[in-house]
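Participant: Questions regarding the structure given below will be posed in turn.
The values are calculated or read from the model by the stated rules, or taken from the named source; none is laboratory data. Being a predicted model, the structure only gives us computed values, none of them experimental. For neighbour counting, all protein chains shown are included, and Cβ atoms are generated from backbone atoms with ideal geometry for every residue, glycine included.
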Amino acid sequence: MIYTITLNPSLDRVIWVDEIKTDDSIRIIQEKHYAGGKGIDVSRVIKTLGGDTTATGFLGSFTGLHLEGLLINEGVTCDFIRIAEETRSNVIVFNNKSEEHIAFNSKGPEVTPYDIACLFNKINNLNIIPSTVILGGSLPKGVNPNVYAQIIHTFKQKKIKVALDADNEAFKLGIKEIPFLIKPNSHEFARLIGYMPQNESEFIKAGQELIKRGIEIIIISRGAQGLIIFNDSEAFIIKPPKVEVKSTIGSGDSTLAAFLYGYEQGKSLSECGIMGAAAGTSTAMSPGVELVDLKDYNNLLDKIECERL
């Protein structure tokens, strides 16, 4: 079972309009609500692919209940912690005329020391022990950037693998506790190491320094350029076919979900990478903040290129 932790979930309100014009009334053509956040996206995709997952994190007030209800309707097992302040809402507006979108992302609620203590009490007393835990996303107000490192340490004490998908200070501090897997995009990886590698070999060379510290697998996502995936003995460039991209929101989360779903099944590194690329590409082909379409995902599996370095 894969356990996901999202400390700053969001209720994503997605709106479609014909055109965005200033100083004028704009009619909404369509509106949908989705449960959002890195870990939550991972849980949703794993459930779509047929895996077993539980999502946890902080939820508050009516928005939090709405988000949880959306997840329950998708069949995701929920184990959230209730907080006093309201879960954040993001607004994403898709402009049909320009085929562009604008995202308004709120900071989210303030989390208290009591809430943090409840989180650690929960992860120290889990009824079902997961095989892997995924941490990721932004941190709400009141949470120290060192929290991911502390969570990783807690799970490692229990011999549970942790995958980390974060950015900036929380990412740098989390890596010090040596998660088993990290999945930055190219820009997040560049911020981590202090410069932008110019080719695949430079990415791998820089990543091997982290592998030497004990991180087992590194996945670097690069949009249409595909994935660089490597461990201490293998490295692969995995490229998706050219597709019509409707929205890249959630593609990285979908990649991580499918990769770990394959890993749970004992697939090889390259097979997991192909599954990840197919899921990420399927999400990019989907409108709004829709995630993996199972039919597209299965059709893409045979179209992913995998080159061993």
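Participant: Filter the range 216-225 down to residues that are crowded, with 23+ Cβ neighbours inside 10 Å and out of contact with any helix residue (DSSP H, G or I) (no Cβ under 6 Å at 6 or more places or on another chain) and give me whichever is farthest from residue 202 (Cα to Cα). Outline the logic, then answer.
Facilitator: First, pick out the residues of the range 216-225 that are crowded, with 23+ Cβ neighbours inside 10 Å: 217, 219-221.
Now narrow it down to the ones that are out of contact with any helix residue (DSSP H, G or I) (no Cβ under 6 Å at 6 or more places or on another chain): 217, 219.
Numbers: 217: 16, 219: 14 Å.
Among those that are crowded, with 23+ Cβ neighbours inside 10 Å and out of contact with any helix residue (DSSP H, G or I) (no Cβ under 6 Å at 6 or more places or on another chain), it is 217.
Participant: Could I ask something else about it? Tell me, which residue of the range 175-213 that is aliphatic (A, V, I, L, M) and in a helix (DSSP H, G or I) is nearest to residue 152 (Cα to Cα)? Give the derivation first.
Facilitator: From the range 175-213, those aliphatic (A, V, I, L, M) are 175, 178, 181-182, 190, 192-193, 196, 204, 206, 210-211; that's our starting set.
Filter once more, so that each one left must be in a helix (DSSP H, G or I): 175, 190, 192-193, 204, 206, 210-211.
Values: 175: 9, 190: 22, 192: 18, 193: 21, 204: 24, 206: 23, 210: 16, 211: 17 Å.
This residue is 175.
Participant: Just to be sure before I move on: is residue 172 part of a loop (DSSP other than H, G, I, E, B) and basic (Lys, Arg) in the structure I sent?
Facilitator: On the way: part of a loop (DSSP other than H, G, I, E, B): no; basic (Lys, Arg): yes.
The answer is no for residue 172.
Participant: Any idea which of 176, 161, 141 is more than 17 Å from the chain's Cα centre (by Cα) and farther than 19 Å from residue 108 by Cβ?
Facilitator: Working: 161 fails: more than 17 Å from the chain's Cα centre (by Cα); 141 fails: farther than 19 Å from residue 108 by Cβ.
After applying the criteria, what remains is 176.
Participant: Residue 122 versus (1) closer than 18 Å to residue 8 by Cβ; (2) crowded, with 17+ Cβ neighbours inside 10 Å; (3) basic (Lys, Arg): which is the lone unmet condition?
Facilitator: Result: residue 122 passes all but (2).
Participant: Separate question: Look through the range 34-56, keep the residues that are small (Gly, Ala, Ser) and not in a helix (DSSP H, G or I), and return whichever of them is surrounded by the fewest Cβ atoms within 10 Å (Cβ to Cβ).
Facilitator: Initial filter on the range 34-56 (small (Gly, Ala, Ser)): 35-37, 39, 43, 50-51, 55.
So of that shortlist, the ones also not in a helix (DSSP H, G or I) come out as 35-37, 50-51, 55.
Numbers: 35: 28, 36: 28, 37: 29, 50: 8, 51: 18, 55: 30.
Among them, the one singled out is 50.
Participant: Specify the residue that is modelled with the highest pLDDT; the eligible residues are those in the range 184-215 that are surrounded by fewer than 15 Cβ atoms within 10 Å (Cβ to Cβ) and acidic (Asp, Glu).
Facilitator: 202
Participant: Only residues that are among the small types (Gly, Ala, Ser) and more than 19 Å from residue 251 (Cβ to Cβ): list them for the range 152-211, please.
Facilitator: Of the range 152-211, the ones among the small types (Gly, Ala, Ser) are 163, 166, 170, 174, 186, 190, 194, 201, 206-207.
Correct list: 170, 174, 194, 201, 206, 207.
Participant: Starting from the range 140-151, keep only residues that are in contact (Cβ under 8 Å) with a residue 24 or more places away in the chain and among the β-branched types (Val, Ile, Thr), then list their pairs with residues that are surrounded by fewer than 22 Cβ atoms within 10 Å (Cβ to Cβ) and not in a loop (DSSP other than H, G, I, E, B) whose Cβ atoms are within a distance under 7 Å, requiring at least 6 positions of separation or different chains.
Facilitator: The qualifying pairs are 143/116; 151/123.
Participant: Any chance the range 71-91 includes a residue that's loosely packed, with under 13 Cβ neighbours inside 10 Å and out of contact with any helix residue (DSSP H, G or I) (no Cβ under 9 Å at 6 or more places or on another chain)?
Facilitator: The answer is yes; a qualifying residue exists.
Participant: Being surrounded by 16 or more Cβ atoms within 10 Å (Cβ to Cβ) and out of contact with any Leu (no Cβ under 7 Å at 6 or more places or on another chain) is the filter here; which residues of the range 21-33 pass it? It would help to see each step written out before you state the result.
Facilitator: So in the range 21-33, the residues surrounded by 16 or more Cβ atoms within 10 Å (Cβ to Cβ) come out as 33.
Within the range 21-33, none qualify.
Participant: Could you check the range 214-253 and list, in sequence order, the residues that are among the hydrophobic types (A, V, I, L, M, F, W, C) and part of a strand (DSSP E or B)? Lay out the reasoning, then the answer.
Facilitator: Filtering the range 214-253 down to residues among the hydrophobic types (A, V, I, L, M, F, W, C) leaves 215, 217-220, 224, 227-230, 235-238, 243, 245, 249.
Across the range 214-253, the qualifying residues are 217, 218, 219, 220, 227, 228, 229, 230, 235, 236, 237, 238.
Participant: Related question: With respect to residue 22, determine if the residue is within 20 Å of residue 139 (Cβ to Cβ) and not basic (Lys, Arg).
Facilitator: Values: within 20 Å of residue 139 (Cβ to Cβ): no; not basic (Lys, Arg): yes.
For residue 22, the condition - within 20 Å of residue 139 (Cβ to Cβ) and not basic (Lys, Arg) - is not met.
Participant: Something else about it: Which residue out of 260, 256, 291 is of a type outside the set (D, E, K, R), touching a residue at least 12 places away in the same chain (Cβ under 8 Å) and not in a helix (DSSP H, G or I)? Working first, answer last.
Facilitator: On the way: 260 fails: not in a helix (DSSP H, G or I); 256 fails: not in a helix (DSSP H, G or I).
Going through 260, 256, 291 in turn, just one is of a type outside the set (D, E, K, R), touching a residue at least 12 places away in the same chain (Cβ under 8 Å) and not in a helix (DSSP H, G or I): 291.
Participant: Output the number of residues of the range 1-33 satisfying the condition of being part of a strand (DSSP E or B), touching a helix residue (DSSP H, G or I) at 6+ places or on another chain (Cβ under 7 Å) and within 24 Å of residue 85 (Cα to Cα).
Facilitator: Our first condition is that a residue be part of a strand (DSSP E or B); within the range 1-33, this holds for 2-6, 10-17, 28-33.
Add one more test, that the residue is touching a helix residue (DSSP H, G or I) at 6+ places or on another chain (Cβ under 7 Å), and what stays is 2, 4-6, 11, 33.
Narrowing the set further to residues that are within 24 Å of residue 85 (Cα to Cα) leaves 4-6, 11, 33.
Looking only at that region, the number is 5.
Participant: Could you check the range 34-59 and list, in sequence order, the residues that are touching a Gly at 6+ places or on another chain (Cβ under 7 Å) and of a type in the set (A, V, I, L, M)?
Facilitator: The one that is touching a Gly at 6+ places or on another chain (Cβ under 7 Å) and of a type in the set (A, V, I, L, M): 55.
Participant: Where in the range 57-162 are the strands (runs of 3 or more DSSP E), entirely inside, with at least 2 residues that are within 28 Å of residue 177 (Cβ to Cβ) and at pLDDT 95 or above? I'd like the intermediate steps shown before the answer.
Facilitator: On the way: elements: 81-83, 88-95, 100-104, 132-136.
Where strands (runs of 3 or more DSSP E) fall fully within the range 57-162 and carry at least 2 residues being within 28 Å of residue 177 (Cβ to Cβ) and at pLDDT 95 or above, they are 81-83, 132-136.
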